[in-house]
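A.B. asks: Here it is, the structure in full.
Rule-based calculations on the coordinates, nothing more; no lab input. Everything numeric here is computed off the predicted structure, so don't read it as measured data. Glycine gets a Cβ as well: all are built from the backbone with ideal geometry, and neighbour counts include every protein chain shown.
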Amino acid sequence: MTDENVAATYRERIAVPAAAAPVPQPCVDACASYSFVETRSVPLPPAYNVGVSFSIPAGKQAVIQFVTATVQVPAGEWARLRLYTSIGSSPGNFDLVLTPQGSPGGQSTYVATHSLKLFTDNLLEFNINRDNGTTSGQAVICVGGYLLG
């Protein structure tokens, strides 16, 4: 057998049939199909408490999976962040951790980033509580998740 015959025989033995073209599959991830992300940017007027609301469509239940927030107040001031939810008439109150990020430009900056899983069919509201009711600030809150129902 010649080298050319051996090479031809080898090619025949290792020949791989051509792969079929991939067939697109429909999305079966309900989370992805009904996902949402909403952001609110709000001024913080002089007050100890400021509420930030998000709407849940009637007849739906929201599954909240991610919350991120930034709160800026004058340097030296503190802030807290609480999330309110409800299932029917049962309330849920969740304190979220705000972490100090420094005070550039005379503003104390606090950031919260939470991966969680909370359910609500009515109320989705945040309360920003401050230790000084006479100064102004700024907040941005973003929630992400998906809708059921």
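A.B. asks: Can you tally the net charge around Ala62? Count Lys and Arg as +1, Asp and Glu as -1, for every other residue whose Cβ sits under 13 Å from the Cβ of Ala62.
C.D. replies: Values: positive: Lys60, Lys117; negative: Glu38, Asp121, Glu125.
Surrounding charge for Ala62 is -1.
A.B. asks: A follow-up question, please. Taking amide H atoms as placed 1.01 Å from N in the peptide plane, list the residues 5 or more away in sequence, or in a different chain, whose amide H sits under 5 Å from that of Ser86.
C.D. replies: Gly92, Asp121, Asn122, Leu123
A.B. asks: Using the scaling law 2.2 N^0.38 Å as the reference, what is the normalised Cα Rg of the chain?
C.D. replies: On the way: Rg = 26.9 Å, N = 149, 2.2 N^0.38 = 14.7 Å.
Against the empirical 2.2 N^0.38 Å value, I get 1.82 for the chain.
A.B. asks: Please order Val67, Val23, Val37 by the number of other Cβ within 10 Å, starting at the fewest.
C.D. replies: Details: Val67 21, Val23 5, Val37 9.
Ascending number of Cβ neighbours within 10 Å: Val23, Val37, Val67.
A.B. asks: Right, next: For the chain, with only Lys/Arg (+1) and Asp/Glu (-1) charged at the beta-carbon, what is the dipole magnitude about the Cα centre, in debye rounded to 20?
C.D. replies: About 340 debye.
A.B. asks: Got a sec? How would Lys60, Lys117 order by Cβ neighbour count within 10 Å, fewest to most? Can you show the working numbers first?
C.D. replies: On the way: Lys60 14, Lys117 9.
The fewest-first ordering by Cβ neighbours comes to Lys117, Lys60.
A.B. asks: Provide the net charge surrounding Val143, with neighbours chosen by a C-beta distance below 13 Å and charges set as Lys +1, Arg +1, Asp -1, Glu -1. Walk me through the intermediate numbers first.
C.D. replies: Values: positive: Arg40, Lys117; negative: Glu38, Glu125.
Taking every other residue near Val143 into account, the sum is 0.
A.B. asks: Continuing with the same structure: Where the centre of each part is set by its Cα atoms, how far does region 94-142 sit from region 57-77, in angstrom?
C.D. replies: 7 Å
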